[in-house]
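Asks: Take this structure, written in structure tokens, and hold onto it; I'll ask about it next.
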């Protein structure tokens, strides 16, 4: 497994607006990032307590996505679904 394989996997988790208009993939993406980082921290420093483990250097550029725009579907007056953004 190479670093490129890991980044390719992260890219495969991303969805387009038409595939996931509610942006629910962001939560799955962030959870996967956290689990993979935790695994590699353990793999590189198995004898160190989890609080004191450092992130391996090849994963320093991996970050969770910010959910600034959360999407909320609301039933409109005309019966159509409307998108409401809140911060």
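Asks: Within region 39-62, can you find the residues that are touching a helix residue (DSSP H, G or I) at 6+ places or on another chain (Cβ under 8 Å), closer than 20 Å to residue 1 by Cβ and assigned to a helix (DSSP H, G or I)?
Replies: 40, 41, 42, 58, 59
Asks: Looking at region 29-58, which of its residues are within 17 Å of the chain's Cα centre (by Cα) and exposed (fewer than 13 other Cβ atoms within 10 Å of the Cβ)?
Replies: 31, 34, 35, 39
Asks: Anything in region 11-28 that is within 13 Å of the chain's Cα centre (by Cα) and surrounded by 14 or more Cβ atoms within 10 Å (Cβ to Cβ)? List them, or say none.
Replies: Correct list: 13, 15, 23, 25, 26.
Asks: What pairs come out if I take residues in region 8-34 that are at pLDDT below 85 and pair them with residues that are part of a helix (DSSP H, G or I) whose C-beta lies under 9 Å away, six or more apart or interchain?
Replies: 20/26
Asks: How many residues are farther than 12 Å from residue 59 by Cα and part of a helix (DSSP H, G or I) if we restrict to region 6-34? Step through it out loud before you land on a result.
Replies: Taking region 6-34 first, the residues farther than 12 Å from residue 59 by Cα are 8-9, 11-32.
Going one step further and asking which of them are part of a helix (DSSP H, G or I), we end up with 8-9, 11-13, 25-32.
Residues in region 6-34 being farther than 12 Å from residue 59 by Cα and part of a helix (DSSP H, G or I): 13 in total.
The values are calculated or read from the model by the stated rules, or taken from the named source; none is laboratory data. Keep in mind that this is a model prediction, so the values were computed, not measured. A quick note on method: Cβ atoms are made from the backbone with ideal geometry, for glycine too, and the neighbour counts reach across all protein chains shown.
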